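Report on the structure given below.
The values are calculated or read from the model by the stated rules, or taken from the named source; none is laboratory data. Not measured: the values here are computed from a predicted model. Using ideal geometry, Cβ is built from the backbone for each residue, glycine included, and neighbour counts are taken over all protein chains shown.
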Amino acid sequence: MRRIGVVGAGTMGRGVTQLFATSGHEVVLVDVSKPALDAARDSIRSAARLAVLVRPGSAPPPAEEVLGRVTFTTDLALLGDVEFVVENVTERWEVKQPLYAQLDAVCPAETLFGVNTSAMPITRVAGATHRPGRVIGTHFMNPAHLKPTVEVIRGHRTSQETVDRTLALLEQAGRKHVLVGDSPGFVTNRVLMITINEAIALVHEGISSPTDVDRLFKECFAHAMGPLETADLIGLDTVLLSLEVLHGEFGELKYVPNPLLRRMVEAGRCGRKTNQGFYPYGSGNHDHE
Ligand code: NAD
């Protein structure tokens with residue numbers, strides 16, 4: 001596969017674009033927001049420059065070459081000749097569902113749809129299209145261009161050919177995978193979101209500070225990041241939406257978002273993307289190298 005469509009140019013879409021453009025694919029990146037596309041271009045340029053500086057031995061392509069492979073657009077019709085679409089729009093059903101109807105109309109019948117959602121069942125998304133056999137979960141980790149492994153989700157109607165072609169594409173891009181069945185939150189986020197929510201509850205109740213929660217996970221369990229640093233990296237708005245999806249799907253109280261999480265999102269403190277979450281951040285490049 002040479003031509004890839006990426007929809008959504010936020011935290012995930014820009015990393016996914018970076019990954020495929022760096023591995024030699026032509027990418028059409030679509031967002032409804034022009035500022036999001038501009039911010040994605042800046043972020044891709046600085047991450048590509050950084051890669052040349054910090055990993056010269058792996059001969060990453062120059063930033064201008066990476067950017068030269070990307071078309072930044074608000075026009076969904078430009079996805080008319082892509083072979084694979086990775087969808088990364090906001091984690092809301094009322095946003096994803098109409099988009100899939102549009103994608104279904106614009107893309108050739110053979111085009112595969114990779115759903116990059118944090119928690120939505122892939123079978124539900126597939127049901128919003130006329131090609132349920134060609135819809136698969138591609139749960140990239142953040143930042144997508146730096147994380148080695150993708151959680152791949154087989155929906156109830158995903159065909160074996162779709163699985164094979166998706167795994168081949170990921171291999172082309174130098175990515176490993178773990179293939180799992182369909183469940184809200186899959187494996188990663190059923191565990192991670194509840195862990196983050198509980199860590200937030202501990203801060204909310206005054207039992208511990210964010211720094212101490214994270215230190216315990218890093219120093220006692222040798223995790224690279226603590227749960228609250230991870231929440232800031234994901235985006236607290238996306239964590240909140242993911243918990244709401246999990247709660248809606250399972251109906252279990254353990255998924256009810258902690259009030260402190262809601263207040264932080266309402267206050268615009270969404271983590272790295274807004275320069276303030278459980279920790280303050282500078283306004284520069286927030287990618288982890
Ligand atoms: P984000 O809020 O940073 O970006 C979402 C982007 O989608 C925005 O730029 C918005 O303008 C765009 N958008 C909204 N509606 C659109 C439409 N109809 N057409 C085109 N673009 C549209 O969100 P994000 O963190 O990048 O998350 C995107 C998806 O990836 C969500 O489903 C999320 O659950 C999932 N995800 C997030 C992470 C993470 O760590 N943030 C990891 C894996 C998966």
- Of the residues 98, 143, 108, which is surrounded by fewer than 22 Cβ atoms within 10 Å (Cβ to Cβ) and in a helix (DSSP H, G or I)? 98
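Please find, among 178, 163, the residue that is assigned to a strand (DSSP E or B) and β-branched (Val, Ile, Thr).
It is 178.
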- Item | Matching option when the condition is in contact with an Asp or Glu (Cβ under 9 Å, 6 or more places away or on another chain), modelled with pLDDT of 95 or more and farther than 25 Å from residue 214 by Cβ, among 181, 114 | 114
- Note on the structure: Given the conditions (1) under 17 Å from the mean Cα position of the chain (by Cα); (2) part of a helix (DSSP H, G or I); (3) of a type outside the set (Ser, Thr, Tyr); (4) more than 11 Å from the ligand (Cβ to nearest atom), every one holds for residue 49 apart from (1)
- Task: Provide a single number: the residues in the stretch 142-167 that are under 19 Å from residue 19 (Cβ atoms), of a type outside the set (Lys, Arg) and in contact (Cβ under 8 Å) with a residue 40 or more places away in the chain.
- Result: 6
- Query: Scanning for something within 11 Å of the ligand (Cβ to nearest atom), surrounded by 19 or more Cβ atoms within 10 Å (Cβ to Cβ) and closer than 22 Å to residue 152 by Cβ, does the stretch 68-83 turn up at least one residue?
  - Reply: yes
- Does any residue of the stretch 252-268 turn out to be within 11 Å of the ligand (Cβ to nearest atom) and out of contact with any Gly (no Cβ under 6 Å at 6 or more places or on another chain)? no
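Could you list all residues from the stretch 129-141 that are within 13 Å of the ligand (Cβ to nearest atom) and of a type in the set (A, V, I, L, M)?
141 - this is the single residue of the stretch 129-141 that is within 13 Å of the ligand (Cβ to nearest atom) and of a type in the set (A, V, I, L, M).
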